[in-house]
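The values are calculated or read from the model by the stated rules, or taken from the named source; none is laboratory data. Bear in mind the structure is a predicted one, so any value in this text is a computation, not a measurement. Every residue, glycine among them, receives a Cβ derived from its backbone with ideal geometry; neighbour counts consider all protein chains shown. With ligands, DNA and RNA removed, areas are computed over all heavy atoms of the protein, side chains included. Shrake-Rupley method; radii C 1.70, N 1.55, O 1.52, S 1.80 Å.
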Amino acid sequence: MGFFKRIQLSFCWFAGRFRRVDKKKVVFDSFHGRGYSDNPKAIAEALLAANADAKLVWLVDSEAEAATLPEGIQPCLTNTPEMVRELSTARVWVDNCRQHAKHKKKSQFYLQTWHGFPLKRIERDALEALGMAYEHDAEQDSKQIDLLLSSSAYDTELLRRCFWYHGTIAEYGTPRNDIFFHHDPQLGAKVREHFSLPATQKIILYAPTYRADYSTTAYALDVHRLRVVCARRFGGDWTVLARLHPEMADQSEELFYYDGITVLDATAYPDMQELLVAADILVTDYSSCMFDFALTRKPCFLFATDVSDYIKDRNFYFPLPSLPFPLADNNPELLRQVEKFDETEYFRKRQAFFGRLAFREDGKASERCAQWIIEKLNG
């Protein structure tokens with residue numbers, strides 16, 4: 001953002017202090033305008049389903065993102081005077097990342113959902129990677145939060161410690177994960193139709209996270225042999241969908257062609273949770289999507305070829321071998337883990353892990369958040 005744009009928005013924020021709050025307005029933001037997705041999407045849909053008396057506004061960074069919004073939600077471009085006006089006059093903010101707004105009024109409410117159960121260290125625990133400027137902005141942001149979501153007793157303790165936050169934390173569960181409890185077969189069909197796949201096609205979803213240096217060398221998945229081994233172990237014909245982290249999205253088109261096998265690029269698909277519903281197997285490295293996918297009870301494998309380097313950058317809250325997912329640091333080991341996959345043992349480890357951390361997921365997190373918002377709108 002240029003200097004003059006920053007000055008313009010600062011002036012708009014100052015003027016916004018004197019604007020009257022619309023007691024029925026809710027403004028949503030997901031990953032700083034990257035579309036209709038994640039926890040804010042699930043909460044917005046719960047409000048729409050409840051026919052809440054509310055004006056819903058969604059921050060988007062392009063007209064293309066605006067076109068993805070359903071009827072009943074109004075788009076607003078990020079980093080514009082209009083964005084500042086909407087935030088300055090909203091009764092409730094809903095965000096899954098740190099909020100850029102700096103001037104929340106006493107008559108406004110801020111619901112912070114965050115964006116996943118953490119494996120890699122976050123916020124205060126990752127300051128060496130995030131920097132001091134981030135710390136200042138994050139502390140200011142936390143002072144404005146009225147409700148912070150948690151998925152487990154462990155998550156609550158972690159967020160309290162490292163989020164610079166002293167307010168209310170609600171163990172409502174993760175709104176985006178409610179989708180796994182509703183068992184809608186149309187979602188799998190929707191994904192397959194989007195990628196022109198047959199209804200019976202088996203899907204491996206490869207979803208690695210990003211590296212601090214934006215390198216892609218760790219993404220050396222042996223796609224051909226993985227498809228063969230999956231067919232031998234689980235049956236069926238397998239296709240690989242690859243989804244990069246949003247920070248790596250601009251590199252996705254040039255990556256996905258392995259030894260004559262085209263991998264379908266799912267990076268731009270708008271809803272990660274729908275991909276997880278459709279997938280029969282997940283392969284990831286350090287992404288929190290592994291914990292979401294575990295709720296489906298389908299096999300998840302960790303393909304982590306650069307563990308030592310990643311530890312130097314962000315480190316983990318759990319040693320990778322302590323997780324319930326089969327772990328491989330090279331392609332031959334990954335293939336071996338797939339071939340010897342034991343569903344009973346996997347389920348036992350998954351249950352023990354979820355129980356030890358006291359997870360609260362039950363498919364009703366969105367409803368709880370929607371009710372909290374409705375109370376604020378009617379208060």
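Applying a threshold of 8 Å to beta carbon distances and a minimum spacing of six or more residues, or different chains, the list of pairs starting in the stretch 208-234 at a residue that is touching a residue at least 60 places away in the same chain (Cβ under 8 Å) and ending at one that is loosely packed, with under 13 Cβ neighbours inside 10 Å and part of a helix (DSSP H, G or I) reads 229/339; 232/339; 233/339.
The set of residues in the stretch 167-191 that are charged (D, E, K, R) and open to solvent by less than 30 Å² (accessible area, probe 1.4 Å) comprises 176, 178. Can you confirm whether the stretch 340-359 contains a residue that is under 18 Å from the mean Cα position of the chain (by Cα) and of a type outside the set (Lys, Arg)? Yes, because at least one residue in the stretch 340-359 is under 18 Å from the mean Cα position of the chain (by Cα) and of a type outside the set (Lys, Arg).
The numbered conditions (1) modelled with pLDDT of 95 or more; (2) on the phi > 0 side of the Ramachandran plot are all true for residue 33 except (1). Within the stretch 157-197, the set of residues being more than 30 Å from residue 240 (Cα to Cα), β-branched (Val, Ile, Thr) and outside any loop (DSSP other than H, G, I, E, B) comprises 169 only.
Say whether the condition of being under 28 Å from residue 47 (Cα atoms), assigned to a helix (DSSP H, G or I) and open to solvent by 10 Å² or more (accessible area, probe 1.4 Å) is met by at least one residue in the stretch 129-139. Taking every residue of the stretch 129-139 in turn, none turns out to be under 28 Å from residue 47 (Cα atoms), assigned to a helix (DSSP H, G or I) and open to solvent by 10 Å² or more (accessible area, probe 1.4 Å).
Exactly one residue among 268, 279 is under 30 Å from residue 363 (Cα atoms) and modelled with pLDDT under 90, and that residue is 268. If you scan the stretch 1-17, which residues turn out to be under 11 Å from residue 103 (Cα atoms), open to solvent by 70 Å² or more (accessible area, probe 1.4 Å) and of a type in the set (A, V, I, L, M, F, W, C)? Of everything in the stretch 1-17, just one residue is under 11 Å from residue 103 (Cα atoms), open to solvent by 70 Å² or more (accessible area, probe 1.4 Å) and of a type in the set (A, V, I, L, M, F, W, C), namely 14. On the stretch given as the stretch 230-239, residues that are buried (at least 19 other Cβ atoms within 10 Å of the Cβ) and either more than 26 Å from the chain's Cα centre (by Cα) or closer than 13 Å to residue 306 by Cα (or both) total 1. Could you tell me whether the stretch 315-325 includes any residue that is under 19 Å from residue 204 (Cβ atoms), modelled with pLDDT of 95 or more and either assigned to a strand (DSSP E or B) or acidic (Asp, Glu) (or both)? The answer is no, given that none of the residues of the stretch 315-325 is under 19 Å from residue 204 (Cβ atoms), modelled with pLDDT of 95 or more and either assigned to a strand (DSSP E or B) or acidic (Asp, Glu) (or both). Residues considered: 105, 120. Of these, the only one that is in contact with a Phe, Trp or Tyr (Cβ under 7 Å, 6 or more places away or on another chain) and under 28 Å from residue 170 (Cα atoms) is 120.
Remark: pairs (first residue in the stretch 35-55, among the charged types (D, E, K, R); second residue in a loop (DSSP other than H, G, I, E, B) and surrounded by 22 or more Cβ atoms within 10 Å (Cβ to Cβ); Cβ separation under 6 Å; 6+ apart in sequence or on different chains) = 38/30; 38/96.
Selection of the stretch 192-209 for residues being open to solvent by less than 10 Å² (accessible area, probe 1.4 Å) and aliphatic (A, V, I, L, M) yields 203, 204, 205, 207.
Within the stretch 50-109, if we keep just the residues that are β-branched (Val, Ile, Thr), within 20 Å of the chain's Cα centre (by Cα) and surrounded by fewer than 19 Cβ atoms within 10 Å (Cβ to Cβ), the residue that is modelled with the lowest pLDDT turns out to be 68. Of all the listed residues (363, 355), the sole one being surrounded by 12 or more Cβ atoms within 10 Å (Cβ to Cβ), of a type outside the set (Phe, Trp, Tyr) and either within 30 Å of residue 109 (Cβ to Cβ) or modelled with pLDDT of 95 or more (or both) is 363.
Is the stretch 289-307 home to any residue that is at pLDDT 90 or above, in contact with a strand residue (DSSP E or B) (Cβ under 6 Å, 6 or more places away or on another chain) and open to solvent by 10 Å² or more (accessible area, probe 1.4 Å)? There is at least one residue in the stretch 289-307 that is at pLDDT 90 or above, in contact with a strand residue (DSSP E or B) (Cβ under 6 Å, 6 or more places away or on another chain) and open to solvent by 10 Å² or more (accessible area, probe 1.4 Å). Can you say whether residue 184 is closer than 26 Å to residue 274 by Cα, modelled with pLDDT of 95 or more and acidic (Asp, Glu), as far as the supplied structure shows? Here the answer is no, as residue 184 does not meet what is asked.
Could you please tell me which pairs satisfy a Cβ distance under 7 Å, a separation of 6+ or placement on different chains, a first residue in the stretch 182-193 that is without any contact (Cβ under 8 Å) to a residue 40 or more places away in the chain, and a second residue that is aliphatic (A, V, I, L, M) and loosely packed, with under 10 Cβ neighbours inside 10 Å? Matching pairs, first to second residue: 189/199.
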